[in-house]
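Heads up, the thing below is written out as structure tokens.
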Amino acid sequence: MPDVRDSFRNVAANYSRSTFHASSARLQEVIDLARPRPGDLVLDVATGTGNTAFALAPHVRRVVGLDLTREMLEEARRVGAERGIANADWVLGDALHLPFQDDTFDLYTVRAAPHHFADVDAFMAEAFRVLKPDRDVVFIDCAPPMPARDLLHEVARRLRCRDG
């Protein structure tokens with residue numbers, strides 16, 4: 001009988017090559033939305049195998065990829081080493097309970113994952129807790145369920161009003 005960890009490793013290997021997760025056009029969308037700066041410390045939540053973190057790495061000081069699945073992070077480490085990416089760290093953790101101090105990151109990204117989060121309020125609170133004041137978040141996902149979608153739209157509206 002195959003080991004469960006082997007199954008997770010196979011899934012992780014597929015994620016690192018998946019068109020949906022690794023598409024250069026989709027990753028460029030993140031760069032365009034995030035507008036990363038050379039001195040930024042970035043948190044990429046639910047990083048999976050690190051595709052978004054890898055796209056951001058050349059543009060920032062350091063990127064931290066956080067994921068709930070050890071096998072995903074192992075694949076990210078392997079791919080990062082193959083690509084010679086030296087400014088990425090990988091942390092096992094939960095988007096709803098981030099293991100970081102308040103006001104730590106210059107940029108927070110999450111792509112193709114918020115629809116999996118059980119508590120949208122906790123996810124949003126954690127995102128803004130670890131983000132430095134007046135810095136940026138990038139949430140990219142498929143259409144979430146209606147209450148979550150409404151919340152995301154309201155947050156975006158409030159941020160636009162605050163900035164404008």
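Conditions tested, residue by residue: (1) farther than 21 Å from I31 by Cα; (2) open to solvent by less than 80 Å² (accessible area, probe 1.4 Å); (3) of a type in the set (F, W, Y).
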| site | (1), (2), (3) |
| --- | --- |
| R61 | no, no, no |
| G65 | no, yes, no |
| R70 | yes, no, no |
| R78 | yes, no, no |
| E82 | yes, no, no |
| A88 | no, yes, no |
| H97 | yes, no, no |
| D102 | yes, no, no |
Looking at this structure, is V91 free of Cβ contacts under 8 Å to residues at least 60 places away in the same chain, part of a strand (DSSP E or B), in contact with an Asp or Glu (Cβ under 6 Å, 6 or more places away or on another chain) and of a type in the set (A, V, I, L, M, F, W, C)?
no
Report yes if some residue within segment 41-51 is closer than 19 Å to F105 by Cβ, in a helix (DSSP H, G or I) and modelled with pLDDT of 95 or more; otherwise report no.
no
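The values are calculated or read from the model by the stated rules, or taken from the named source; none is laboratory data. Remember, it's a predicted structure, so these values are computed and weren't measured experimentally. Glycine gets a Cβ as well: all are built from the backbone with ideal geometry, and neighbour counts include every protein chain shown. All accessible areas refer to the heavy atoms of the entire protein, side chains included, with ligands and DNA or RNA removed. Shrake-Rupley method; radii C 1.70, N 1.55, O 1.52, S 1.80 Å.
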